[in-house]
Amino acid sequence: MASHALERILPGIAQFRGYRRSWLRGDVLAGITVAAYLVPQVMAYAEIAGLPPVAGLWTAIGPMAVYALLGTSRRLSVGPESTTALMTATAVAPLATGDPGRYAVLAAVLAVLVGGVCLFGGLVRAGVVADLLSKPVLVGYLAGIAVSMIVSQLGALTGVPVHGHDLAGQLRSWFGDLGAVHWPTLALGASVLTLLLLLARFAPWLPGPLLGIVLAAGFVWIFGWQHAGIQVVGVVPAGLPVPAIPRVGAADLSVLLLPAVGIALVGFSDVVLTARAFAPKDGQAVDADKELRALGGTNLIAGLSHGFPVSSSGSRTAIGVSLGSRTQLYSLVALATVLVVLFAGGPLLGAIPEAALGAVVVYAGLRLIRPREFQRFGAFRRSELVLALATTAGVLGLGVLYGVLVAIGLSILDLLRRMARPHAAVLGYVPGVPGMHDIGDYPGAEIVPGLVVYRYDAPLCFANAQDFHDRALRAVTPGTEWFLLNAEATIEVDVTGLDALDGLCEELKRRGIRFAMARVKRELDDELAAAGLMVKIGEENVFPTLPAAVAEYVRSYRAEHGRLPEGMTAPVLPPNPMVP
């Protein structure tokens, strides 16, 4: 009983119950290898965030330990990531006014705020927000982030100082001083980037970022290139910083709150999407609300450790899975490896060239751009491609933080567009095919004379109520005696939708047409009854299946007219009357 109560608070510990010795080799190997990727990556991401490279290592340690206890995914790698790093720089740089100490405190405060937002969201079970970003919006958003990342590293790769807080300003600054390119820096950065791309193509099992960083640092040290003007990381303090609560004024907190919400939304979406992508390999479901609380805990510890906001890493997660990770023990092994590097590897870290870190960032940015996804969207539906490109343009034109709002807004508008104008169909029988089908899909379909069977493929709500009313009436043809609404897709209705349905009933009654419904879900039936509309429709006009409704129409027509509907020689019914 006590253990189950503890697991509700710390769901991650469940994975260590019944741990098998056979899993240990995979977890250890995955942890060490992931650390080899993580060290250069997070140092580069710290630079994206505008912080010293060692801050990336500080930021990585606490979140890995916390997620191992709070997370529901056995394979997810949590820590510094490029998207949240760039969003951090966008939010903090205007407030820091060039003061490195204030910059670091603001970044830590931002991480704490992100943690608070996520914890609050987890408490109110707001995990559903992970679904607010559709796939085209997410792909477009990441492409915009990638371009921003690459532009932010132009200075590190070329030795040309880059100024400005937005994309346009940075590009103007860089092009304005392009004549001051430092060619040794450019040669080194381009060489490392080329190596990373080649390794990814021909030897993806090798830790490309680590090899590139080590080789670059070795060449700089052996040939003394730092004396030729190539910038290196410099002195890296050994050990860990003392945890502390970062403090800023109320004015700074109010300015950072909106960026914190944006980072929380993007980071959480990334966490859930990545965790779900690897969930089939876990055999364990991902609990979105618990993941939201876990992300809150990881960001709180990142802020208290003088770090910056964190999220998940799809690349590091994939590496761990490919090497046999079975539980979050692999993250703890990676954590221990990073601690060894921090306490014993200071001189080596200090020799890393800034251009090499810039190349790692550009490489990560290039991997975020997915041309094949854009092609797939265009091939599937042009509106999906437009949505992705519009999101990318929003990020590039308005900035990373406002780009989040653009992404959410476009997702909501796309959802409303689909709800406002859903597919609708008149149904008929197709010879040799059981059931009733859209006559637009089958040119040889036969409708029952005098009967319009209509299906509206969406819930009825304010966004589509008028559209439903108008299109349903347009489906009515001369000679129609019954209008049968197939309600299988109408799973719910709001007041505006009820009014539209009521108006349709009244207009059909005025025209002398009987209104009936089939396949009404229990929830919809209760809502119609609560609104008093079921009395107007009549219980006798509500049928469990389409065949039952069609049979009643034929029976009532024959009873009234003494014959079958014109053009029918026998009731047009499927062989199995239970087929809808």
(request) Please report, ordered by residue number, the helices (runs of 4 or more DSSP H) entirely within the stretch 302-407 with at least 3 residues that are out of contact with any Pro (no Cβ under 6 Å at 6 or more places or on another chain) and among the β-branched types (Val, Ile, Thr). (result) 314-322, 329-344, 382-398
(request) Report, by residue number, each residue of the stretch 163-182 that is more than 20 Å from ILE352 (Cβ to Cβ) and either touching a residue at least 12 places away in the same chain (Cβ under 8 Å) or buried (at least 16 other Cβ atoms within 10 Å of the Cβ) (or both). (result) HIS165, ASP166, LEU167, GLN170, LEU171, SER173, TRP174, ASP177, LEU178, ALA180, VAL181
(message) Give me the helices (runs of 4 or more DSSP H) completely within the stretch 59-169, filtered to those with at least 2 residues that are of a type in the set (Gly, Ala, Ser) and in contact with a Phe, Trp or Tyr (Cβ under 6 Å, 6 or more places away or on another chain), ordered by residue number.
(response) 82-96, 100-123
(request) Could you give me the residue pairs with C-beta distances under 9 Å whose first residue belongs to the stretch 233-254 and is in the same structural domain as ARG102 (by TED's automatic domain parsing) and modelled with pLDDT under 80, whose second residue is in a loop (DSSP other than H, G, I, E, B) and surrounded by fewer than 16 Cβ atoms within 10 Å (Cβ to Cβ) wherever it lies, and which are 6+ apart or on separate chains? (result) VAL236/GLY345; ALA238/GLY345
(request) Go through the stretch 349-402 and count every residue that is aliphatic (A, V, I, L, M), more than 19 Å from the chain's Cα centre (by Cα) and crowded, with 16+ Cβ neighbours inside 10 Å. (result) 11
(message) Please return the ranges of strands (runs of 3 or more DSSP E) entirely within the stretch 425-499 where 2 or more residues are surrounded by 18 or more Cβ atoms within 10 Å (Cβ to Cβ) and not basic (Lys, Arg).
(response) 451-456, 482-486
(request) Kindly provide the set of residues from the stretch 333-355 that are modelled with pLDDT under 90 and among the small types (Gly, Ala, Ser), ordered by number. (result) ALA344, GLY345, GLY346, GLY350, ALA351
(message) Being polar (S, T, N, Q) and buried (at least 24 other Cβ atoms within 10 Å of the Cβ) is true for just one of SER322, SER331. Which residue is that?
(response) SER331
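How many residues does the stretch 282-311 contain that are aliphatic (A, V, I, L, M) and farther than 17 Å from VAL105 by Cβ? Talk me through it step by step, then tell me what you get.
Of all residues in the stretch 282-311, those aliphatic (A, V, I, L, M) come to 285-286, 288, 292, 294-295, 300-302, 304, 310.
If we keep only those that are farther than 17 Å from VAL105 by Cβ too, we end up with 285-286, 288, 292, 294-295, 310.
Within the stretch 282-311, residues that are aliphatic (A, V, I, L, M) and farther than 17 Å from VAL105 by Cβ number 7.
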(message) So, in the stretch 14-33, how many residues would count as being more than 24 Å from LEU210 (Cα to Cα), surrounded by 13 or more Cβ atoms within 10 Å (Cβ to Cβ) and of a type in the set (Ser, Thr, Tyr)?
(response) 1
(request) Output the residues belonging to the stretch 245-294 that are touching a Ser or Thr at 6+ places or on another chain (Cβ under 7 Å), of a type in the set (A, V, I, L, M, F, W, C) and either on the phi > 0 side of the Ramachandran plot or not in a helix (DSSP H, G or I) (or both). (result) VAL286
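The values are calculated or read from the model by the stated rules, or taken from the named source; none is laboratory data. Computed from a predicted structure; not experimentally measured. Here Cβ is always computed from backbone atoms with ideal geometry, including for glycine, and neighbour counts include all displayed protein chains.
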